[in-house]
Amino acid sequence: MKKIYTSIYLFLSLCAMTACSGWLDIEPDGQATNDKLTETGDGYRTMLSGVYKAMTSANLYGRELQFGIVDCMSQQYTWAWQSSTGTTSNTIYQEARAFNYYDVKLRETIDAIWKDGYNVIANANNLIQNIKDEDPAKFAEGELERDMILGEAYACRALMHFDLCRLFAPAPVENESGNYLPYVDTYPNIQPDAIDVKTFLNKVVDDFKEAQRLTARVDTIAIGMSANASANARFYNQLEYGMEGSPDGMGLDDFFLERGYRLNYYAITALLARVYQYMGEDDLAFECADKVMKFQAKGANGVVYDMFTQDDWYTMIVGDNNESRTDLKIVSNLIFALYNEDSYLDYNLGTYFLKRSEAQGGNSNWLAVDVKGQEVFMNVAGIDEKDLDYRYLYLSFKPEYSAFDYSDDYRISAKWYCSEDERVRTKNLQTLPVIRATEIRYIMAEHYARQGNFAEAYNILNTIRSNRGVYTPLDTANNLDRFLRDMIRDAQREWISEGQLFYLYKRLGAKVKIGNGERKLNKSEYMLPIPDNQNM
C-alpha cells in the first residue's frame, strides 16, 4: 500500500485522481480521468489510494488533527519559555490554545480543515457510487477485492464525518439541539443540508457497520489474517510463519498487505467502539472494544496470534538516545494509522519538533509539552512520576542548547523526532497514528467504572501504567469522578502530540487546566466555527 501512497496525488479538488508509473498512466483531465479509472480493477485501487492520500493532508491527519491545532485546543503545549529565550512571536497554534478561533490566520486553517475533510468525503462518495454495482470480473480477486475496496471507502467516509462532527458540533453530553453540519453520502452534492448530531452520528454508525460487513469477507479469512496477525505484519509486511496465504494457495499481492495502514475489519470495529462511546452508548462501546481485544489469528501448527494485546513499550523505546530507539511510534500498540513517507517535508516537522543539528535557541514554533502547567506526570494524588514513566523518559526530550539551560519540564515529543539519518527519520515519521489499543483499554476500563466494578477498571489502568514503567498501582477509588480523573491523567501522557486529548475532554465535559484555573470548556471553545462558505 505504501507504494500506492507515494505515487498517488489528488489532481482536482473533488475527485479526479491519477497515478504515476507502476499503477496507471492516464491523462489527468477531470471526468475523463475518472472514467478511465473505473475501467479497470487497478483503477479502483488507485481511487481508494487517493482517498487515503487525501486524509494525510496537512490540514487533516497529517498535521492539524494529529499534533496541530487540536492538541493546542487541549492546552497541551506552552510558549511560556519565550520571554526567557528572547524569542517572541504569535502563531496560529498559540491562537488555538487561547481559543481565538476568529483570528484571521487560524480561521483560514479551520476553514481548510472543513474543506479538506469534505473533499475526502467527496472522493469516497465518488468511489462508492462507481464501485458498488461494478462487475466483479474487473478485479484481480473478483468480488472479494471489490467488496474490500467498497468497505474501506465506507469506513473512510464514516471516519472523516465523525471527526468533523467532533470538531464542528457539540458533544452529545451537552444535550444541545440544532442542525450543525451535513452528512454527505452522494456525489456530487454542492450544498447539502445540515442535520442534528444524533441523526448524524447514527449515519456514522451505519456506514461503519456496512464497512464491517464488507471488509470481514477478506480480513477474517486466511488472506486477511496473514496481513493483520501482528504489528510487524500490519505495518512492516513481515508475515508470521505459516500465514503466507489462504487455504487455496492464493498469494498476497501488495494491495492486500500492510493492513494497518488501511481501514480493515479490526480497525473499523475499534473505531465503532470510539463512536459508540462518544454517543454515550456505553454497552455497545464495550461490546466492540471487548471484541477487539479478543481478536486472534491462527497460524501454522496451531500457533495463535493475539492481534492487539501486545503492549511492547520497553523493548522498542529504551535506548541511549532517540537515534537508537527503533520504534518511537510504538506500532505494537497501533490498530490503525495513515502513511506518508514524505511527512518530514510535507508537514515541515523540523520546525515544530526540532532538528537535532539546528541552532537550538528557542524556536517560537516548537510544540513544547506543558508538563508543569498541566501536571502531566504528576498523578492525581500529587506524586511526581516523571522519573518512572517511559512516556516522559523516552518519548519526550529537552533541547540541548549551551546558551540556555532548559528545565526538565521543557519537553518536545520524541514521537516526531527528526533524526539526521534519513532512513531512521523516515521510518519513525511516516506513520500517522489514528487509533491505539490503549484507547480500547480505556473504553473497557471506563465501562467497568460506570458499572461500579472499580477493581477491574483500575486493574486495566494500572496494567497500562506498569507496561510504561510506573509499577506503583493507583489506589482503587470507588468513585467514578475520581477514576475518570486518573484515566484522563494517563491519557494526557499516552496521547502527547496525537490529536486525541481534546476529544476526551469534550466527550466527558471534563474540567481542563486553563491559565491558573480549572474549568469546563464553554461552547465557543469546544466547537470550531463552521465556515461562512459551506459549498462542497
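Read the figures in this text as sums done on the coordinates, not as results from a lab. What you are looking at is a predicted structure, and each value in this text was computed from that prediction instead of being measured. Here the Cβ positions follow ideal geometry from the backbone for every residue, glycine too, while neighbour counts run over all protein chains shown.
Numbers for the structure displayed
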{"quantity": "Pairwise label distance in nanometres, Val318 with Arg519, each label 7 Å out on the Cα-Cβ vector", "calculated": "4.5"}
{"quantity": "For the chain, fraction of C-alpha pairs farther apart than 39 Å, in %", "calculated": "22"}
{"quantity": "Helix-derived mean residue ellipticity, 222 nm - over the chain, DSSP H n ≥ 4, -39500 (n - 2.57), to 500", "calculated": "-13500 deg cm²/dmol"}
{"quantity": "For peptides 339-352, 144-157, sequence by mean Cβ density within 10 Å, most packed first", "calculated": "144-157, 339-352"}
{"quantity": "Cβ crowding within 10 Å averaged over residues, with 180-188, 254-262 ranked highest first", "calculated": "254-262, 180-188"}
{"quantity": "Overall form of the stretch 383-480 per C-alpha gyration tensor (a/c, 1.5; a/b vs b/c)", "calculated": "oblate"}
{"quantity": "Nearest-20 debye value, the chain charge dipole, Cβ charges on Lys, Arg, Asp, Glu", "calculated": "980"}
{"quantity": "Crossing angle, helix 142-168 versus the chain [Cα axis fit, 0-90 degrees, rounded to tens]", "calculated": "30"}
{"quantity": "Inter-site label distance for Tyr102 and Arg423 at 7 Å from Cα along Cβ, in nm", "calculated": "5.4"}
{"quantity": "Protection-proxy order for peptides 515-521, 68-74, each taking the mean of Cβ atoms within 10 Å per residue, highest first", "calculated": "68-74, 515-521"}
{"quantity": "Contour excess over end-to-end distance, with Cα ends at Asp196 and Met378 and 0.36 nm allotted per residue", "calculated": "61.6 nm"}
{"quantity": "Tilt relative to the chain, helix 41-55 - C-alpha long axis, 0 to 90 degrees, to 10", "calculated": "20"}
{"quantity": "Links that overshoot a 24 Å alpha carbon limit, given the list Lys398/Lys427; Lys53/Lys520; Lys386/Lys506; Lys329/Lys523; Lys329/Lys513; Lys291/Lys506", "calculated": "Lys53/Lys520; Lys386/Lys506; Lys329/Lys523; Lys329/Lys513; Lys291/Lys506"}
{"quantity": "Cα lying deepest toward the dipole's positive end in the chain, options Asn189, Phe67, Val512, charges on Cβ", "calculated": "Val512"}
{"quantity": "Global form of the stretch 151-194, assessed from the alpha-carbon gyration tensor, a/c cut-off 1.5", "calculated": "oblate"}
{"quantity": "Spin-label model distance (nm) - Gln238 vs Asp282, 7 Å beyond Cα toward Cβ", "calculated": "4.1"}
